[in-house]
Amino acid sequence: MIDLNPIQPICIAGEWRAGGGDLYESLYPATGEAVARLHAASLEDVEEAMAGAHRAFRESGWAQRKPHERATVLYRIAALIRERSEELAQLQRL
């Protein structure tokens, strides 16, 4: 039988995998039906994610960019989020 609601992975240090914490279900509020299942991150997962983020910050060149260069990138990201706000809102409702 096909599992139509597989356990969703989480991204830890650039790698998608199951978290090491408890299993949770995300419920659709209108029906109470489970629409997603995932393992929460464990303390070890969080520590690994933080180390990966710090490593990426140091090695990506982002830390060496001038503040106005970083601002330009962040403003562009904000504009893209605004442009897709309706789609993002629909995804968040799931």
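Quick notes on this one:
- Breaking point among (1) in contact (Cβ under 8 Å) with a residue 40 or more places away in the chain; (2) assigned to a strand (DSSP E or B), for ALA53: (2)
- No other residue among GLY19, GLY32 is part of a loop (DSSP other than H, G, I, E, B), within 13 Å of the chain's Cα centre (by Cα) and either of a type in the set (A, V, I, L, M, F, W, C) or not assigned by TED's automatic domain parsing to the domain that holds GLN92 (or both) apart from GLY19.
- Close pairs from the range 9-23: first farther than 12 Å from ALA49 by Cα, partner among the aromatic types (Phe, Trp, Tyr), Cβ under 7 Å, at least 6 apart: PRO9/TRP16
- Against the numbered list (1) within 13 Å of the chain's Cα centre (by Cα); (2) loosely packed, with under 14 Cβ neighbours inside 10 Å, ALA56 comes up short only at (1).
- Only one of the numbered conditions (1) at pLDDT below 95; (2) not assigned by TED's automatic domain parsing to the domain that holds ILE10 is not met by ALA56, and that is (2).
- Test for VAL46: is it surrounded by 15 or more Cβ atoms within 10 Å (Cβ to Cβ) and either without any contact (Cβ under 8 Å) to a residue 60 or more places away in the chain or part of a loop (DSSP other than H, G, I, E, B) (or both): yes
- Extreme residue, surrounded by the fewest Cβ atoms within 10 Å (Cβ to Cβ), among residues of the range 25-43 that are modelled with pLDDT under 90 and closer than 13 Å to ILE10 by Cβ: SER26
The values are calculated or read from the model by the stated rules, or taken from the named source; none is laboratory data. Here the structure is a predicted model, which means the values were calculated and not measured. Neighbour counts are summed over all protein chains in view; Cβ atoms, including those assigned to glycine, are modelled from backbone coordinates with ideal geometry.
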